[in-house]
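A short worksheet on the structure shown next.
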Amino acid sequence: RKRSRADMPRGRNAASPQSRNASVYVEAAYAVSDRLSLSAGVPFVLARYLGPREDPEPPMVQPVDACYCWQDGLQDFGLTARFNLLNGSTALTPSVSFGVPSHGYEHVGEAVVGRGLRELRLAVDVGRRLDFLSPRLAVQSRYSHAFVERVLDVSTNRSNASFEIAFQALDRLSVRAVVSRQVTHGGLQAGLEKP
């Protein structure tokens, strides 16, 4: 006999956990030459778990979230080296970045300052002024790939790509349009398995 929807067990939707985050990023950069620059920075993060406040079955609220209060702290130190290969109407700049947790902060829950993982990022930025259309028009694109420390032998490596077009409308006013995409290579799969 074929099962109908009426025969299937009924469940209920669990309320999605919600949190609020804010951060301030402080960075220092040093130009070693007209082509090579180095930078180092660290974000200060504020995070708060908002709910749901009902006691779910089974309990799912992590200890760091139980107080529903603001958590704060430094997140991950970041070090970046950039080298400008081309400069002029077209610019090409590859970079390498390394991120490492600033300290042993709590990383399980909604109101945490970070994931507590080391990562290496390789990126390339390409930009071009479109002088043949207008000296005020430019486009740029970026691709990066992050190699992230594995947890329980699960990969969360990711790729990020973006494309931006910018128009310098006035000396102090520019208009920009940006499209970006992130793809995670790995992670946990959710949903039903195909038969």
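The values are calculated or read from the model by the stated rules, or taken from the named source; none is laboratory data. What you see is a predicted model; the values in this text were computed from it and never measured. Don't worry about glycine lacking a Cβ; one is built from the backbone with ideal geometry, like all the others, and counts go over all protein chains shown. Ligands, DNA and RNA are stripped out before the accessible areas are found, and what is left, the full protein with its side chains, is counted by its heavy atoms. Shrake-Rupley method; radii C 1.70, N 1.55, O 1.52, S 1.80 Å.
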Ratio of the Cα radius of gyration of the stretch 98-195 to 2.2 N^0.38 Å, where N counts its residues: 1.53
For the chain, the longest site-free run once GluC sites (Glu not before Pro) in DSSP loop states with at most 12 other Cβ atoms within 10 Å are removed: 55-192
Computed Rg/Rh of the stretch 27-106, alpha carbon atoms with Kirkwood Rh: 1.26
Residues of the stretch 132-157 with amide N under 13 Å of a point placed 7 Å along Cα→Cβ from F163: 139-143
Ellipsoid equivalent to the stretch 61-142 - semi-axes via the Cα gyration tensor, in Å: 40, 16, 8
Relative contact order for the chain, counting Cα pairs under 8 Å that sit 6 or more residues apart, in percent: 13
Gained length - L36 relative to V151, 0.36 nm times residue gap less alpha-carbon distance: 38.0 nm
P(r), alpha carbons of the stretch 137-189 - 10 Å bins starting at zero, rounded %: 22, 33, 22, 15, 8, 0
Cut-off 15 Å between beta-carbons: net charge of the residues surrounding V26, Lys and Arg +1, Asp and Glu -1: -3
Probe 1.4 Å, protein heavy atoms only - accessible area per residue of the stretch 68-136 in square angstrom: 58
Convex hull volume of the chain per residue (C-alpha atoms, cubic angstrom): 232
Summed residue charge, Cβ within 12 Å of V148's Cβ, Lys/Arg positive, Asp/Glu negative: +2
Local electrostatic count, E106, Cβ distance below 12 Å [Lys/Arg +1, Asp/Glu -1]: -2
Heavy-atom accessible surface of the stretch 76-195: percent carbon and sulfur, 1.4 Å: 59
